[in-house]
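Enquirer: First the structure, then my questions, so here it is.
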Amino acid sequence: MAESKPLYLGPRLKRLRRELGLTQQVMADDLGISPSYVALLERNQRPLTADILLRLARTYQLEVADLAGEDGEDYARRIGEVLGDPIFADIDLPALEVADLATSFPGVSEALLRLHGAYAREQQALAEQRVSGGGDESDPVGEARRFITEQRNYFDGLDRRAEDLAGEIEEAGGAEMWIRKQGVRVRFLPPEVMVDSLRRFDRHNQQLLIDDRLDGASRSYQLASHIAFSAMRGDINRLVRAAEFTGKTAETLVRRALGGYCAAALLMPYARFAGEVEKRRYDIESLSRHFGASFEQVAHRLTTLQRPGESRVPFFFIRVDEAGNVSKRLDGAGFPFAAHGGGCPLWSVHSVFRRPGEIVTQWLELPDGQRFFSIARTVVAGGGSHDRPRITRAIALACAAEHAPRLAYAGSTAPKEVAATPIGVTCRICDRAECSARAVPPIGREILPDDYRRAAQPFSFSES
């Protein structure tokens, strides 16, 4: 008579315990065995005897047939599906070897499934990009952002030219006087004349027309933008032509971004701004008052301080609306922002709308252990009259945690010791199990049923 095969059901036992919400100690007490023996059973270092199987069935009112079902069969099925991926097409994978792997090495099987899940996530992101027209030619926003990111949002030639030009503007008595000396009249006019424009250059009459409802920082920025697009047009065009974009829209977006870059560099010349940044310890409000710029303009400018030999803290910058749409993103800190899907709701940039105008700081920790320090606040665009709508957005600056002590906002806190908010890049690729803010389960993880236990989190998933 053939000898019966030992029954190893470690992963199934562990899932059952988690579904019931039990610790190893409690399950051990229920079954009349030691906690260490439960641990050995869960790790498949001991087979499940008929006696223990019956105790499980009686104690938790389960069907023996359900308990005795082979976990290996499920793993073999799932691994078989994974190995059907074309990436494995040239490898000879006999069904017997797959079955042996699934039965004898459940941990390795789970690792393989998770690894393929990560690969599948990347493939899905690329597929979504193609479906939504994400090729370079039909995704001008993505193409423009990639160009800026590849340069780390720093353009040495433009910055140095703007620094020289800022000196000329100062000698002339300011931006408005400099423009007048070029033979251009500057006029601040009411909305009925501006016809829904903030700035308009009347080339025929050599007049620069600016909406008179703009505040001081916005007026300065529009004056600087005109100078950038007139005095620095050749510098900007050379950069755009050299990049060889696939479409006119991408060119226009990059030209606009470079014009804004130059305007900020004129208002906050590199050397002077970098000096004040260190002196004021990156205090955005203080820098804003000193340079007559808005909070957002200063935050944006902080991302550009990457001049070789004179670089400052590298920052990631993001601007979102209340619906979570990203209207601006600049990466100088290597922050792994989600290219597809929503961001993590636990990041304060999504909650500062409840605290308008208030600076909210936060320590962040990603699943891989990387830590960042975030500064978030709402900013307002528009307004200036009762009939002009105001648009409220949130912006955030984030830097690697090791740089945080240089900022006024972090004080002398030890970056490695302070409690940090555990966040993910986006729910679909975040494996954090204990997250009550999760919107969707992660790709490639098996979701546990809630027949016996309903967790506080929206989803519970198997560890093995």
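Every read-out reported here was derived from the displayed coordinates using simple, explicitly stated rules and does not represent laboratory data. If you're wondering where the values come from, they're calculated on a predicted model, not measured in any experiment. Note: ideal-geometry Cβ built from the backbone for every residue, glycine included; neighbour counts use all protein chains shown.
Enquirer: Taking N as the number of residues in the range 224-362, what is its Cα Rg relative to 2.2 N^0.38 Å?
Expert: Details: Rg = 16.4 Å, N = 139, 2.2 N^0.38 = 14.3 Å.
Normalised Cα radius of gyration, the range 224-362: 1.14.
Enquirer: Turning to a different aspect of this structure: Give the cross-link partners of Lys248 among the lysines, using a straight C-alpha distance below 25 Å as the criterion and excluding same-chain residues fewer than 8 apart.
Expert: Lys328
Enquirer: Largest first and to the nearest Å, give the Cα extent of the range 141-215 along each principal axis.
Expert: 41, 34, 27
Enquirer: Hey, another quick one. Once the Cβ-Cβ distance between Glu310 and Arg354 is put in as r, and R0 is 41 Å, what FRET efficiency do you end up with, to the nearest 0.05?
Expert: 0.60
Enquirer: If you don't mind, another one. Given a Förster distance of 25 angstrom, what is the FRET efficiency for Lys416 paired with Arg281, based on the Cβ-Cβ distance and rounded to 0.05?
Expert: For R0 = 25 Å, the calculated efficiency reads 0.75.
Enquirer: While we're looking at this one, here's another question. Percent of Cα-Cα pairs per 10 Å bin, from 0 to the last occupied bin, for the range 351-399, please list those.
Expert: Cα pair-distance distribution for the range 351-399, in percent: 24, 39, 23, 10, 3.
Enquirer: Counting only helical runs of four or more DSSP H residues, what would the 222 nm mean residue ellipticity of the chain come to if each run contributes -39,500 (n - 2.57) and the total is spread over all its residues?
Expert: Numbers: 18 runs with 204 residues, N = 464.
After summing the helix terms and dividing by residue count, I get -13500 deg cm²/dmol.
Enquirer: Give the relative contact order (percent, whole number) for the chain; include only Cα pairs under 8 Å separated by 6+ residues.
Expert: 13
Enquirer: Turning to a different aspect of this structure: Taking 45 Å as R0, compute the FRET efficiency from the Cβ-Cβ separation of Arg160 and Leu115 and round it to 0.05.
Expert: 0.45
Enquirer: Another question, if that's okay. Mind grabbing the base-10 log of I(q)/I(0) for the range 202-288 at q = 0.22, 0.26 Å⁻¹? Debye formula, identical points on the C-alpha positions, no solvent, two decimal places.
Expert: Values, matching the q order: -1.10, -1.21.
Enquirer: Further question: Calculate, in nm to one decimal, what Arg371 and Gln45 gain on full extension: separation in residues at 0.36 nm each, minus their alpha carbon distance.
Expert: Net length gain for the segment: 113.7 nm.
Enquirer: What's the long-distance tail for the range 135-267, i.e. % of Cα pairs beyond 19 Å?
Expert: 54
Enquirer: So, how do all the Cα-to-Cα distances of the chain break down into 20 Å bins, in percent, from 0 on up?
Expert: 19, 42, 24, 13, 2, 0
Enquirer: Ranked by Cβ crowding within 10 angstrom, fewest neighbours first, how are Tyr119, Tyr60, Tyr8 ordered?
Expert: Tyr119, Tyr60, Tyr8
Enquirer: Would you please calculate the Kirkwood hydrodynamic radius of the range 313-430 over all C-alpha pairs and express it in Å, rounded to one decimal?
Expert: On the way: mean 1/r = 0.0671 Å⁻¹.
About 14.9 Å for the range 313-430.
Enquirer: Go ahead and collect, in residue order, the members of the range 209-235 whose backbone nitrogen is under 18 Å from a label point 7 Å along the Cα-Cβ direction of Asp202.
Expert: What the label zone holds, given the 18 Å backbone N cut-off, is 209-213, 223, 226.
Enquirer: Also: How about the range 336-428: which trypsin sites (Lys or Arg not before Pro) there lie in a loop by DSSP and see at most 12 other Cβ atoms within 10 Å?
Expert: Lys416
Enquirer: When only C-alpha pairs under 8 Å and at least 6 residues apart count, what is the relative contact order of the range 168-302, in percent?
Expert: Reported relative contact order: 18 percent.
Enquirer: Per residue and in Å³, how big is the convex hull formed by the alpha-carbon atoms of the range 19-64?
Expert: 76
Enquirer: With just the Cα atoms defining each centre, how far is the range 1-53 from the range 417-460? Give it in Å.
Expert: Value for the Cα centre distance between the two parts: 26 Å.
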